[in-house]
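Data block below; observations after.
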Amino acid sequence: MVKKPEIIIEAKALEFNYPGDSLNRSSAINGIDMTVNRGEYLAIIGPNGSGKTTLLKLFNALLAPSGGEVLVEGISTVDHEKVPLIRRSCGMIFQNPDNQLVATTVEEDIAFGLENLALPSAEIRQRVTEVAQRLHLDKLLLHPPHLLSGGEKQRVAIAGILAMQPRCILMDEPTAMLDPSGRREVLDTVKALNREEGIAIIHVTHFPEEAAHADRVLVLNQGEVVEDGPAEIILTDLEMLHSYNLQGTAVVELAALLRQDGFNLPTRILHNRELVNSLCQYERKS
Amino acid sequence: MSIRTEKLTHIYMPGTPFAAEALNEVTFEIKKGRVALLIGPSGSGKSTLIQHLNGLLKPTSGQVYFDDQSIQSSKAELLRLRRKIGLVFQMPEEQFFSETVFDEVAFAPRNLGLTDESLAESVYNALNRVGLNAEEFKDRHPFNLSSGQKRLVAIAAVLSIKPEVLILDEPTAGLDPAGRQKLFNLLADLNSNEAITILISTHHFDEVVTLADQVMVLKDGRLVMDGPRDQVFNNREKLESLGLALPSVTELMQDIAAAGFQVKTGIYNLEEARREIGRMKERQF
Ligand SMILES: Nc1ncnc2c1ncn2[C@@H]1O[C@H](COP(=O)(O)OP(=O)(O)OP(=O)(O)O)[C@@H](O)[C@H]1O
Ligand SMILES: Nc1ncnc2c1ncn2[C@@H]1O[C@H](COP(=O)(O)OP(=O)(O)OP(=O)(O)O)[C@@H](O)[C@H]1O
Ligand SMILES: [Mg+2]
Ligand SMILES: [Mg+2]
């Protein structure tokens, strides 16, 4: 018997209106049904204003649905008493790290959530040391977070969530302010947490190369889920992506142009090496 | 206007345990009408440098010049120059202070004395130019926008004064692919039709790199590379050792070259890559 995947987040007929929405524009979230399974790595892409941040805030009980409901591990997000539980199992990393750095030193900031869990202080220290090393923050532990660079701040925010050892991490464009090595570091860390510890990841991004790290990709447009499927299918479907004003990665876009020029290339090229390999085979055949 | 610095040095909180030398004798020049890209690892001093360029931060030592006019020479001079310098910060929402998008974008031109009709016109123009439908957005509260929409408002707010110099700190962060392309087109247009000097600092330079004449690299507050675009991006090893990356298309071409194909690698956009691989096919297959 195949074990049924365990659902972490479930949205049912979910709707959300910001005050004033009805006047001249449609709902920010407009009837979404979806589930996220334990251990899944899901990317969400979609144009500016399509509802990505709003959806994550609904998952994290920062916003209450205007219609329908969100269940996190079976618990409705409108159940006030359970909100801390929901936030602990699904931590959220925001686009702008300034909004979530609260303490006077980096160390305290990483420990902030843990303090509220009333863990023994030795355990807290150990977890803080561990995640600080993992994200290369060890040298900054005594610095005030608000004086760090944008990229450094974002790593502190990520460390604070990781220290909670959550079941699921919601990330809203977590790398928007990071340099290439910071980006890689965060993506590698998140991927390792997903693969090795089975933490589900929901990763909102404007970069198809980041979405390519996910197993599954969802496309949001005007508050609706318009596509949902495996990364290699969604991210290579240029006709669909372009129809929502989105793009493929450089290699996907280039492969498509080369096909137009008569190159006979496989349909699902998603990574540089796949294009390079196809060109090598091309050379051998001719 | 040209932008020039001379031995610009900045120390944050000197004399405290947190004293940090964020800039160390940075000297460069961006000629009038040129587009320069400023890159560097996180914490290397890019935002610090940029905040000196409109006098928001004062150097510990060194100078900033626009067309050989030092911005430190007098308060009046600084104010005069600020009217010509459009600067978009890394976290644009931190600069918002108006109740509506219209007032936010109208703030600077209003200060310049524009009234009523010409004011509305320049606000509408600026909003439409960044791809925000003015009718739809003008009465919205700037805080109640999605993050990409906020960034576009911040860019529109500096365009509304028709600057001679445009300085953008992470302008593409949070923009969707269409928004990035639109911004690219806008900058290309401002640069080629109005000869605006542009400095862009960003970790995501795939789109804007096509425009860049000059690339400057900061590391630990020092300018470690400064030269024509091809020269800087030809040095992949050095960039990678600094924790930086090539533009995606350039990297792809270098990967193809590394597999033994004879291709030019100083390539920054898809159409050039397409042509180059087409030429390679004719030669080699
Ligand atoms: N606080 C708010 N009040 C009113 N409307 C809002 C608010 N926040 C967002 N909106 C609107 O709701 C819609 C969805 O916004 P949301 O922030 O979820 O989009 P997004 O997909 O995250 O966009 P981006 O890619 O720009 O971050 C947009 O039209 C936006 O203008
Ligand atoms: N207000 C401040 N007080 C003290 N130190 C600061 C302050 N602002 C920045 N710093 C420090 O100065 C250095 C340069 O920071 P800056 O913000 O200029 O970097 P950056 O290159 O823009 O980084 P990023 O790519 O992350 O935005 C960093 O080490 C940072 O921690
Ligand atoms: Mg968002
Ligand atoms: Mg910066």
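The values are calculated or read from the model by the stated rules, or taken from the named source; none is laboratory data. All of these numbers come straight from a predicted model, not from anything done at the bench. Cβ coordinates were reconstructed from backbone atoms using ideal geometry, including for glycine residues, and neighbour counts include every protein chain displayed. For accessibility, only protein heavy atoms count, side chains too; no ligands or nucleic acids. Shrake-Rupley method; radii C 1.70, N 1.55, O 1.52, S 1.80 Å.
Some points to look at:
- Flag if residue B:116 is acidic (Asp, Glu), assigned by TED's automatic domain parsing to the domain that holds residue B:44, in contact with a strand residue (DSSP E or B) (Cβ under 9 Å, 6 or more places away or on another chain) and more than 16 Å from ligand 4 (Cβ to nearest atom): no
- Condition met for residue A:77 (in contact (Cβ under 8 Å) with a residue 12 or more places away in the chain, β-branched (Val, Ile, Thr) and within 14 Å of chain B (Cβ to nearest Cβ)): no
- Residue in the range B:72-84 that is under 30 Å from residue A:95 (Cα atoms), away from ligand 4 (no atom under 16 Å from the Cβ), modelled with pLDDT of 90 or more and not hydroxyl-bearing (Ser, Thr, Tyr) present: no
- Tally of residues being touching a helix residue (DSSP H, G or I) at 6+ places or on another chain (Cβ under 9 Å) and farther than 17 Å from residue B:22 by Cβ across the range B:55-66: 1
- Condition broken by residue A:245, with the remaining ones in (1) more than 18 Å from residue B:174 (Cα to Cα); (2) open to solvent by 10 Å² or more (accessible area, probe 1.4 Å) satisfied: (1)
- Residue B:93 meets all of the listed conditions (1) open to solvent by 30 Å² or more (accessible area, probe 1.4 Å); (2) within 16 Å of ligand 1 (Cβ to nearest atom); (3) away from chain A (no Cβ under 14 Å) but one, namely (3).
- Of the criteria (1) in contact (Cβ under 8 Å) with a residue 40 or more places away in the chain; (2) within 16 Å of ligand 4 (Cβ to nearest atom); (3) open to solvent by less than 10 Å² (accessible area, probe 1.4 Å), which one residue A:169 fails: (2)
- Flag for residue A:64 being open to solvent by 10 Å² or more (accessible area, probe 1.4 Å) and within 11 Å of ligand 1 (Cβ to nearest atom): no
- Residues satisfying the stated conditions in the range A:164-189, i.e. more than 12 Å from every other protein chain (Cβ to nearest Cβ) and under 20 Å from residue A:61 (Cβ atoms): A:164, A:165, A:166, A:167, A:168, A:169, A:170, A:171
- Residue in the range A:147-160 that is among the aliphatic types (A, V, I, L, M) and closer than 30 Å to residue A:244 by Cβ present: yes
- Restricted to strands (runs of 3 or more DSSP E) entirely inside the range A:13-72, those with at least 1 residues that are closer than 17 Å to residue A:83 by Cβ are A:67-72.
- Test: residue in the range A:111-124 that is assigned to a helix (DSSP H, G or I), among the polar types (S, T, N, Q) and open to solvent by 70 Å² or more (accessible area, probe 1.4 Å): yes
- Apart from one condition, residue B:200 fits all of (1) within 14 Å of chain A (Cβ to nearest Cβ); (2) among the aliphatic types (A, V, I, L, M); (3) within 16 Å of ligand 2 (Cβ to nearest atom); the exception is (1).
- Here B:63, B:51 are screened, and the one residue that is assigned to a helix (DSSP H, G or I), in the same structural domain as residue B:184 (by TED's automatic domain parsing) and either open to solvent by 20 Å² or more (accessible area, probe 1.4 Å) or within 16 Å of ligand 3 (Cβ to nearest atom) (or both) is B:51.
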